[in-house]
Amino acid sequence: MFDFSTVTMWLDEFLRGLMPSWLAITTECILVAVLLLAAYSVLAMIYIMYERWVCGWIQCRRGPIRVGPAGSLQIFADVLKILSKEIITLWSTDKFLFFLAPFLVVLASVLTFACLPWGKGLQFIDFNIGVFFIIAVSSIGVLGILLAGWSSNSKYTLIGAMRSGAQMISYELSVGISILTIVCLAGTMSITGIVEAQADGWFLFKGHLPAVIAFIIYIIAANAENNRGPFDLPEAEHELTAGYHTEYSGIHYGLFYLAEYLNLFVVSGIASLLFLGGWMPLHISGLDGFNAVMDYIPSTLWFLGKAFFMTFIFMWIRWSFPRVRIDQMLALEWRYLMPIGLANLVVMAIVVTQGWHF
Amino acid sequence: MADLQEQISKACPDVQIDNSGQWPLLTVANATWHETATKLKEQLNFDQLMALVGVDWGDAIGVIYYFTNTQTGDIIHVKVVADDRDKPYIHTVSDLWAVANYQEREAYDFYGIIFVNHPDMRRFFLRNDWVGHPLRKDYDANPELNPIRLDDETNEDYTCRYVEKDGKVVKIDGKVFEDDEYVINVGPQHPSTHGVMRYRVSLDGEIVKKVDVVSGYIHRGIEKLCESLTYPQTLLYTERMDYMAAHINRHCLCLCIEKALGIEVPHRAELIRLMMDELMRLSSHLLSYGCLTMDQGATTAFFYGFRDRELIYDIFDRTCGARMSMSYSTIGGVVADVHPDFITDVRHACDVIEKNMKEYHQLFTGNVIARNRMIGVGLLSKEDAINYAITGPSGRASGCHCDVRKTHPYSLYDEFDFEEVTRTEGDSMARYMVRMDEMVQSIKILRQACDKLEQEGAQGEYIAKVPKMIKLPAGHWYQQVEASRGAFGVYIESDGDSKPFQKPMRMHFQSPCFNLIGVVDLTCRDNMIADLITITASIDFVIPDIDR
């Protein structure tokens, strides 16, 4: 399997040969940032189209078909449209916070996005508390949403923001606990470490029942964390028109939209990292020929494929279920998911100490 | 009938009873009206106010009330005339029949009749600053009095009521909401008010404390317009009220005019009308399924409902030449015979919808989230349903046997074998399930009708001989049908004018949705804001039908 670190190492040595080491590091940082943002926006576009096609397929429709062959240029039209739209500034809003809010939301999603294991040796941020870092930075998003709702000076946005605050903070616990369950199994918080630990089998298969339970809890909680249906209460279209971003327009609204789709990719990516082996190919111990064939598929494709598969599951849920009510949603988290998650963590700890896992 | 008359004269001896019409007509003076009304409700058990029609007879202004006894199905109507034409006062009955609350506000809006002791005497449709009361015969339609106003209408935070004090009527001001209430505005532009309806909702956190309905954003003054049209022209407006019951509403007006003229409609025409009514009901319930699911966020189910609705609209398209506002029924029958493939198409649509209904139940009915959102939410008791005159699927979900097709059969419904679907829970789920089960019954009726139409042959007499000039004799008539959302009634009063193009003196449409909107406050109170949307979707009203 191709190791991308050879490329990055080569580039690093090349740059250091040309310029002093501080300049080389600065150049690398800028390069990484550009790459990251480019990947971010391209993926967002792919995801919007992906959602439209999946949603159309589920709903017996064809989705976009008019712009370009099979509607493939639709997304460019949409991007152009949203970029050229007027940003309407309202009276009596808190201007600074109002403009800051969408950037905070995007910041949180870019930071988590940067932690994903893109391929063998291809990672933007990798350090020994990687998973911890993901949990920490993903919480910045809720701040942006609360600020957006508060600074808009509207009753709808305020209700949306309050719902969102309650929802994201609650479900972050479940996400955290299910991640912790896997960290317990892997024995490391490093993202590379977790992926490497799944070389002989993905955690979903290796970890017995506790891993499966953690996986299900993660799917439910991540959906809620992402404000996607059936947990899309903060922007509950039919109650609050658009919830916390009702008053936003133009690219500011676009940023919320962008962050929402990228967060979908991020949670799918984390799910594939924790449960489906990240970029690790599917290996079945004993079948060496099969494993060798699997190794020929590039690691980046493995990662993207798993992330897209997870996204499909999220979309499937999104387009099948009605929306829950705020009290039902909180009851689900505090009465069911969190106690089950905590018990599951204990079970996982026992499994690991006894060595019952595969 | 004679029995009923005896009972009435025993209970209220000072009331004149006229038995010449279809139903007994009671004439009551305003001074004794409230007392008589109490007796009618408590002793004679006329527990439902079907319709409240304000009428201006030129020399006098008054109200005609239609009451029904929901147990026996007896109907009476009562005429109350105000003493003074210029300052008409009539005692309210909103304390006896809750539905009268909004109905009286409508009469106040149109005729300026002030209902003494009414708790909330505001206009219902028109702006606060509207000059005059448009349905009065002495109304000044000068556009300078009521120009197109470009300023915002002020929020109706203030209300008033009129009470009697020392023999004089005194106005007392009141407030709709207190100063410290957190009031949010739902509508008139809102994704799930199903049209331009506006509620002002007082919230305590997520809990709804009070809902104030502000109507009139799509008010077209249909009743006023009808007074300047000939009878065949008025037919067009019926389809623009509840557009999801276009055929049924038009059928009702046709029946009412035919009743007044004494026209016998050919069997085939009545059969075709009935089939169109049932197709309309089917399509309406499919739409209602779609909207209810979408309002809870299940967008996919919405598309399922809309997909199958297309089949029905295609049938309309082929036979009537239009998909909405079909203009198919006419006085004396239908305008044209059905399309040659009509029966095949209807059978096909029935088969497809019947098959797909399993899918609807799988996708939505059994879903745990949907069940949690609907079971036990938005309760409406049977007593309240009768008191608020809630008919149609929403009334039957509370256990009322209010299907006009069964209680007062019209058209050919007594020839068909179908069941009246009722439930007793009275929650959102029951209202939803009644609609789903009614679709099955509609399919059953349609299949029987297909057989009957087949026996009649490919062609036949589809319209009766009708005079070129429709002229109604002097008198008034009331006709009710079961529209897709409840009992739809038409009241026609004619002065027997002998001029060639006779126009109705008064035409009133008693739309089912007007009553449905009356229970929004009752059912949504102390529920969550998210439930407000679910409950209103399950009550299922069409805004143009409220606003008319």
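Some notes on this structure:
- Residue exposure proxy: B:182, A:40, A:171, ordered by other Cβ atoms within 10 angstrom of their Cβ from fewest to most, comes out as B:182, A:40, A:171.
- Residue order, fewest to most surrounding Cβ atoms within 10 angstrom, among B:230, B:319: B:230, B:319
- For trypsin sites (Lys or Arg not before Pro), the sites in segment B:431-524 that DSSP calls loop and that have at most 13 other Cβ atoms within 10 Å are B:465, B:468.
- Residue-averaged beta-carbon neighbours from other chains (10 angstrom radius) around B:181-192: 3
- Max mean-square fluctuation residue, GNM over chain A, Cα-Cα springs under 10 Å, options A:201, A:121, A:286: A:286
- Cβ crowding within 10 Å ranks B:151, B:56 as B:151, B:56, fewest other Cβ atoms first.
- Over chain A, Cα pairs under 8 Å with separation of 6+ residues give a relative contact order of 23 percent.
- Within a Gaussian network of chain A (alpha carbon springs, distance under 10 Å), most fluctuating of A:136, A:331, A:242: A:331
- Electrostatic dipole magnitude of segment B:222-502 [Cβ: Lys, Arg +1; Asp, Glu -1; Cα centre; debye, to 20]: 440
- Relative to the compact-globule estimate of 2.2 N^0.38 Å, the Cα radius of gyration of segment B:2-176 comes out at 1.12.
- Compared with the alpha-carbon gap, the fully stretched path from residue B:39 to residue B:19 is longer by 5.2 nm at 0.36 nm per residue.
- Counting only other chain Cβ atoms within 10 Å of each residue's Cβ, the peptide A:325-334 averages 3.
- For segment B:457-548, the spherically averaged projection of the C-alpha convex hull amounts to 9.7 nm².
- Burial ranking of peptide ranges B:408-419, A:11-22 (average Cβ count within 10 Å, highest at the top): B:408-419, A:11-22
- Relative packing of peptides B:28-41, B:104-117 - highest average C-beta neighbours within 10 Å first: B:104-117, B:28-41
- MRE, 222 nm, helices only [DSSP H, n ≥ 4, -39500 (n - 2.57), over chain B, to nearest 500]: -12000 deg cm²/dmol
- Positive-pole candidate from B:412, A:129, A:149, dipole of the protein assembly as shown, charges at beta carbon: A:129
- This model, with +1 at the C-beta of Lys and Arg and -1 at the C-beta of Asp and Glu, gives segment B:1-124 a dipole about its Cα centre of some 180 debye.
- Cβ-based charge dipole, chain A, positive-most Cα from A:65, A:79, A:166: A:65
- Cα gyration tensor shape of chain B, rounded if a/c is under 1.5, else prolate or oblate by comparing a/b with b/c: oblate
- Taken as Cα centroids, segment A:89-162 and segment B:435-481 sit 62 Å apart, rounded to the nearest whole angstrom.
- Shielding score for B:292-299, defined as the mean number of other chain Cβ atoms within 10 Å: 6
- The separation of segment A:25-63 from segment B:509-548, counted between C-alpha centres, amounts to 42 Å.
- Taking chain B and dividing mean pair separation by its residue count, relative contact order in percent (alpha carbons under 8 Å, at least six apart): 16
- Translational diffusion of segment A:86-354, µm² s⁻¹ [Kirkwood Rh, Cα pairs; Stokes-Einstein; 37 °C; 0.692 mPa s]: 171
- Long-range amide H partners of residue B:116 with built H, under 5 Å: B:90, B:91, B:92
- C-alpha center-to-center spacing [segment B:184-236, segment B:17-54] in angstrom: 29
- Farthest toward positive dipole pole in chain B [+1 Lys/Arg, -1 Asp/Glu at C-beta], among B:296, B:96, B:230: B:230
- Length-normalised contact order of segment B:238-385 in % [C-alpha pairs under 8 Å, at least 6 apart]: 26
- Order by protection proxy (mean Cβ within 10 Å, highest first), peptides A:54-60, B:374-380: B:374-380, A:54-60
- Around the Cα centre of the protein assembly as shown, unit charges on the Cβ atoms of Lys, Arg, Asp and Glu (plus for the first two, minus for the last two) sum to a dipole of about 1220 debye.
- Taking chain A as the region of interest, the number of lysine pairs whose Cα atoms are within less than 20 Å, with members eight or more places apart or on different chains, is 4.
- Cα-Cα pairs of the protein assembly as shown separated by more than 39 Å (percent): 51
- Rounded to the nearest whole Hz, the Karplus-based 3J(HN,Hα) values (6.51 cos²θ - 1.76 cosθ + 1.60, θ = phi - 60°) of segment B:214-229 follow the sequence 10, 10, x, 6, 10, 6, 10, x, 4, 5, 5, 4, 4, 5, 10, 10, with x at glycine and proline.
- Extension gain, residue B:359 to residue B:158: 0.36 nm times the residue separation minus the Cα-Cα distance gives 67.4 nm.
Since every read-out is calculated from the coordinates, none of them should be taken as a lab result. A quick note: this is a predicted structure, and the numbers were derived from the prediction, not measured. Every residue, glycine as well, gets a Cβ built from its backbone with ideal geometry; the counts of neighbours run over all protein chains shown.
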